[in-house]
Amino acid sequence: MRARHRDYDKIEEHNVSTQLYDESDVGVWKVEALRNRLFRAAGVEIDMVQKELTGQNAPRLLNDADLIVDCFDNSRSRQLVQDVASSTGTACLHVGLYEDYCEAVWDEHYRIPQDVRGDVCDYPLAHNLVLLAVTVASESVLELVGLGRRISRSATLRDLAICVMENK
């Protein structure tokens, strides 16, 4: 399977504690770390394009995609992605998080949020929330690929139930 991912961001030290990167990834382009991780985990090969997404290049960079997964952390980039997805009819899943909430919303139901102050990843349980967001988004993508259905999902960390098991 081949996929294409585009990002213009390097991994910083604070990303290690909140995202899915290791200390050895600090200073590496996020697209490179993602490409290596996906290949090791699932044998997926990615054609990496390392570019900053702009109004001028968004249509060219995204026009041949079968599926767009938007994980940007700013409204300007999300708007560019949504504009291209809408104009081309490309399936687009927007994935985001804030405090203890995450969501994966298909384009036809997505409203671009305003940018928030500070770094969303400063939330104390951000790493756990990122893992939950990946899970929610993965389920939505699998539902599309396997059954042709676009199911949007959301979750909050406080919705999860953890129970003490009794020893018997």
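The values are calculated or read from the model by the stated rules, or taken from the named source; none is laboratory data. None of these values were measured; they are calculated from a predicted model. Cβ atoms come from the backbone with ideal geometry, glycine included; neighbour counts cover every protein chain shown.
Miscellaneous remarks
- Which numbered condition I112 misses (of (1) touching a His at 6+ places or on another chain (Cβ under 9 Å); (2) more than 17 Å from D9 (Cα to Cα); (3) in a strand (DSSP E or B)): (3)
- Taking first residues from segment 35-49 that are under 15 Å from I11 (Cβ atoms) and of a type outside the set (V, I, T) and partners that are surrounded by 12 or more Cβ atoms within 10 Å (Cβ to Cβ) and modelled with pLDDT of 80 or more, the Cβ contacts under 7 Å between residues at least 6 apart in sequence or on separate chains come to M48/V31; M48/E32; M48/R35.
- Of all residues in segment 1-44, those being modelled with pLDDT of 75 or more, in contact with a helix residue (DSSP H, G or I) (Cβ under 6 Å, 6 or more places away or on another chain) and not aliphatic (A, V, I, L, M) number 5.
- Checking D22, D47, D83 one by one, the residue that is in the same structural domain as L157 (by TED's automatic domain parsing) and not hydrophobic (A, V, I, L, M, F, W, C) is D83 and no other.
- Residue match in segment 5-12 (condition: out of contact with any Lys or Arg (no Cβ under 9 Å at 6 or more places or on another chain), over 23 Å from E143 (Cα atoms), in a helix (DSSP H, G or I) and of a type outside the set (G, A, S)): no
- Residues being farther than 13 Å from G96 by Cα and modelled with pLDDT of 90 or more - total across segment 147-168: 5
- Residues of segment 34-77 that turn out to be outside any helix (DSSP H, G or I) and more than 14 Å from the chain's Cα centre (by Cα), as a count: 19
- For the criterion of being of a type outside the set (S, T, N, Q), in contact (Cβ under 8 Å) with a residue 40 or more places away in the chain, within 19 Å of L142 (Cα to Cα) and in contact with a strand residue (DSSP E or B) (Cβ under 6 Å, 6 or more places away or on another chain), E108 fails.
- When D70, D119 are checked against the criterion of being of a type in the set (D, E, K, R), under 22 Å from Y21 (Cα atoms) and at pLDDT 90 or above, D70 stands alone in meeting it.
- Qualifying residue in segment 97-108 (condition: loosely packed, with under 12 Cβ neighbours inside 10 Å, assigned by TED's automatic domain parsing to the domain that holds V141, at pLDDT 80 or above and not charged (D, E, K, R)): no
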